[in-house]
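These notes are about the structure you will find just below.
The values are calculated or read from the model by the stated rules, or taken from the named source; none is laboratory data. Quantities reported herein were computed from a predicted structural model and do not represent experimental measurements. Cβ atoms come from the backbone with ideal geometry, glycine included; neighbour counts cover every protein chain shown. Areas reflect the complete protein model, heavy atoms only, side chains present, ligands, DNA and RNA absent. Shrake-Rupley method; radii C 1.70, N 1.55, O 1.52, S 1.80 Å.
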Amino acid sequence: MCMPMTGRRLTSLLAYVTTAATGVSLLTGCGVLPGATGGSREPVTVMTWAPENTRATNMPGMPAMAEAFGRWINESGGIDGHDLRVLTCNDENTSAGAAACARRAVEEGAVAVVGSYSQHGRSFLAPLEAAGIPYIGGYGISEDEFTSALSYPVNGGQASLIAGNGIQLAETCRKVSLVRPDTSAGDKLPELLNNGLRHSRHGGAVDIPAAEDSTEYTEQAGQARSKAGREKGCVTAVLGERTQTFFDSFRRLPEPEGDTTDGGEDGVRISSVLGSVGQPVIDRTGGPHSPFEGAFVTGWYPAASDARWAPMRKVIKEQAFVDNRVDPADTGVQTTWIAYTVLKKVIESLDSDSISANAISLALDRGVRVDTGGLTPELRWRYEDLLGASGFPRIVNHKVTFQVVRQGRLVAQKPGFVDVGQTVLAP
């Protein structure tokens with residue numbers, strides 16, 4: 001029967017098996033990876049999931065970034081001597097797929113799910129909670145990620161982005177149309193956007209629900225433009241991967257009869273949030289000639305060109321240079337990098353031969369500090385660090401960035417972070 005390989009017992013056993021070929025078989029059979037660089041400490045298994053090859057939003061860069069991080073860590077000696085075993089899973093954008101990924105994480109002995117994306121929070125959190133597995137640095141698309149006691153978000157989720165987008169638009173726009181998914185998650189967005197708009201004494205936005213997997217949005221685009229008006233009107237769309245499809249429909253709308261404006265300050269200005277619009281989308285749609293030129297974009301993190309992303313870019317260059325799924329400008333990739341930065345810090349803080357899911361959760365609950373190199377404010381998940389907003393009590397990072405598309409590049413509209421905590425808290 002295999003016994004845990006830790007402490008003095010493992011050291012003594014290693015000394016013995018160096019002279020016995022049968023000892024190698026014994027070690028391998030007990031779960032210590034052959035060729036491990038992590039010394040005597042046990043490997044750590046984690047999982048990252050995201051939808052791939054679906055009709056709605058896909059995030060293949062997140063599991064690909066996780067795998068690249070794992071290769072980099074293991075080539076560097078592991079995390080505090082622990083090899084990192086990274087499992088990946090396709091949640092297929094379905095509740096059944098999300099639940100299946102979570103069950104596999106439990107079956108494979110994962111001590112955490114890290115840097116993942118899924119809209120089906122309740123489906124995957126129930127199995128994780130039953131097994132006591134923490135969910136670290138999810139993308140923030142599901143409201144459940146901000147209510148579960150085992151969830152440790154690294155950003156303020158859609159709530160912070162939409163509230164921040166309202167603040168950003170209120171400075172320029174006279175009227176605003178919001179095009180958002182016709183889903184339960186999408187139903188939360190109008191109130192959050194309006195909280196941001198009212199932060200600057202602005203009226204509420206016109207709410208336009210739309211199918212998140214549609215192949216065209218001509219009707220919604222026409223309605224959005226009409227309701228925003230041509231005098232400093234703004235249209236903001238938050239449809240995930242289909243945002244590009246929406247703005248393509250928007251761009252193809254015939255000009256109203258007798259209208260000679262070209263948008264911009266005196267016409268309709270477009271806007272979105274990172275994750276729905278990002279540098280990869282702008283590049284694919286024409287760069288400086290993209291329909292997103294001049295668009296306002298609210299994000300969680302500094303612009304992709306910021307020097308603070310250099311460590312992540314270095315890892316991608318070394319470990320995923322030929323993997324076109326991993327784009328350093330992709331918000332999902334960036335979130336996964338930050339989530340694994342948290343995991344690394346927590347494991348290092350434990351300084352233990354074996355790492356359990358419970359030990360990771362306790363370390364996070366007791367206040368381990370995580371410095372992300374300025375990509376976020378310092379992260380901490382003690383009770384007193386939680387924002388406590390209705391529906392989003394687990395938010396600890398409620399800061400966003402305001403960006404704008406200039407000459408085909410997403411750049412900072414204003415320097416630094418904008419705190420939207422009080423806006424998210426607004427009734």
If R0 is 22 Å, what FRET efficiency do you get for S95 and A149 from their C-beta distance, rounded to 0.05?
0.55
Please give the helix 7-17 orientation as an angle from the longest Cα principal axis of the chain, in degrees from 0 to 90, rounded to the nearest 10.
60 degrees
If the chain between D213 and S184 were fully stretched, how many nm would it gain, using 0.36 nm times the residue separation less the Cα-Cα distance?
9.0 nm
In nm, what is the difference between 0.36 nm times the number of residues separating E75 and Q407 and their Cα-Cα distance?
115.6 nm
Distance check, please: which entries in K314/K344; K317/K399; K188/K345 exceed 23 angstrom between their Cα atoms?
K317/K399; K188/K345
Taking the DSSP beta bridges in the chain as the whole, what percent of them are antiparallel, to the nearest 5?
30 percent
Quote the accessible area belonging to T215 in square angstrom, nearest 10, computed with a 1.4 Å probe and with ligands, DNA and RNA left uncounted.
110 Å²
If I build a Gaussian network model for the chain, linking alpha-carbon pairs within less than 10 angstrom, which residue out of T245, T298, T336 has the largest mean-square fluctuation?
T245
Would you mind checking the tilt of helix 61-75 against the longest principal axis of the Cα atoms of the chain, expressed as 0 to 90 degrees and rounded to 10?
30 degrees
Plugging the Cβ-Cβ distance of R201 and K414 into 1/(1 + (r/R0)^6) at R0 = 30 Å yields, to the nearest 0.05, a FRET efficiency of 0.95
Counting Lys and Arg as +1 and Asp and Glu as -1, what is the net charge of the other residues whose Cβ lies under 14 Å from the Cβ of I395?
-1
Once label points are set 7 Å from the Cα along Cα→Cβ at both A310 and L253, what is their separation, rounded to one decimal in nm?
4.4 nm
Cut-off 10 angstrom, C-alpha nodes, Gaussian network model of the chain. Which of H199, H82, H289 fluctuates the most?
H289
Multiply the residue separation of D385 and D365 by 0.36 nm, subtract the distance between their alpha-carbon atoms, and state the gained length in nm to one decimal.
6.2 nm
Taking only protein heavy atoms and a 1.4 Å probe, the highest-to-lowest accessible-area order of S76, S290, S123 is S76, S123, S290
For E318, E107, E143, the accessible-area ranking with a 1.4 Å probe, largest leading, is E107, E318, E143
Which whole-Hz couplings ³J(HN,Hα) result when phi for each residue of the stretch 228-239 is put into the Karplus expression 6.51 cos²θ - 1.76 cosθ + 1.60, θ = phi - 60°, listed in order with x for Gly and Pro?
6, x, 9, 9, 6, x, 9, 10, 10, 10, 10, 10
Using only Cα atoms and rounding to the nearest 10 degrees, what angle (0 to 90) does helix 121-131 make with the longest principal axis of the chain?
20 degrees
5 Å is the cut-off here: which amide hydrogens, built 1.01 Å from N in the peptide plane, fall below it relative to E293, excluding neighbours closer than 5 in sequence?
none
